[in-house]
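To keep things clear, I will list the structure first and then write my remarks on it.
The values are calculated or read from the model by the stated rules, or taken from the named source; none is laboratory data. Treat the numbers as computed from the prediction; the structure is a model and nothing was measured. FYI the Cβ positions are ideal-geometry reconstructions off the backbone, even for glycines, and counts take in every protein chain you see.
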Amino acid sequence: MTSGPDEAQRLRDLARLRRVRDRIDREYAQPLDVEALARGANMSAGHLSREFKRAYGESPYTYLMTRRIERAMMLLRRGDLSVTEVCFAVGCQSLGTFSTRFTELVGIPPSAYRANAADPAPEPPSCITKQVTRPIRKREAPPSEAQLA
């Protein structure tokens, strides 16, 4: 059985982690790094990373990049921005890093995703689109045709 002060501290830490996650969700397009997030939560960067991963299953940086890629997918589906414009709109500073992370999470490069999204099929409801297009880790993604060849 947990003691009162330990349980109270754990709950305070979870509340701080929720605030960090909410900040990432709100400010994903801003230049964020683990050190800045940790300062905002009055934690060390190492402690924040460990506790965030324990609570949410992924590091703060991975969570941030997943949010950015989700937003990029939506912007690329819209089709009115180039891949470079989308890269900078979602807060990435390097087109190469953006393309690499996008390909790891989605399974295809952003340019191919944008081209595939240009099909004139009717748009499904946003709740379905969000569920179906949520990026997954490369180890979870099915191999693409290029990888099979």
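Quick one: is G91 exposed (fewer than 14 other Cβ atoms within 10 Å of the Cβ), within 14 Å of the chain's Cα centre (by Cα) and not charged (D, E, K, R)? Criteria not met by G91. Given the conditions (1) farther than 20 Å from I24 by Cα; (2) at pLDDT 80 or above, report the number of the one that M74 does not fulfil. Here M74 meets the rest and fails (1).
Annotation note: Cβ proximity below 7 Å between a residue of the range 9-27 that is over 15 Å from K53 (Cα atoms) and touching a residue at least 12 places away in the same chain (Cβ under 8 Å) and a residue that is surrounded by 12 or more Cβ atoms within 10 Å (Cβ to Cβ) and not hydroxyl-bearing (S, T, Y) (sequence gap 6+ or interchain) occurs for R23/L37; R23/G40; D25/R67.
Regarding A45, is this residue among the hydrophobic types (A, V, I, L, M, F, W, C), outside the structural domain of E104 (by TED's automatic domain parsing) and within 24 Å of P109 (Cα to Cα)? Judged against the criteria, A45 is not a match. If the condition is being exposed (fewer than 14 other Cβ atoms within 10 Å of the Cβ) and within 18 Å of the chain's Cα centre (by Cα), then the range 1-35 contributes R18, R19, D22, D25, R26, Q30, P31, D33, E35.
Counting only residues that are touching a residue at least 40 places away in the same chain (Cβ under 8 Å) and either touching a helix residue (DSSP H, G or I) at 6+ places or on another chain (Cβ under 6 Å) or part of a loop (DSSP other than H, G, I, E, B) (or both), the range 68-88 holds 4 of them.
Entry remark, the range 42-57: residues being within 11 Å of I24 (Cβ to Cβ) and surrounded by fewer than 21 Cβ atoms within 10 Å (Cβ to Cβ) number 1 in total. Selection within the range 1-55: residues that are at pLDDT below 90 and among the hydroxyl-bearing types (S, T, Y). The member of this set that is farthest from R67 (Cα to Cα) is S3. Given the condition aromatic (F, W, Y) and assigned to a helix (DSSP H, G or I), answer yes or no: does some residue in the range 28-47 qualify? No, the conditions are met nowhere in the range 28-47.
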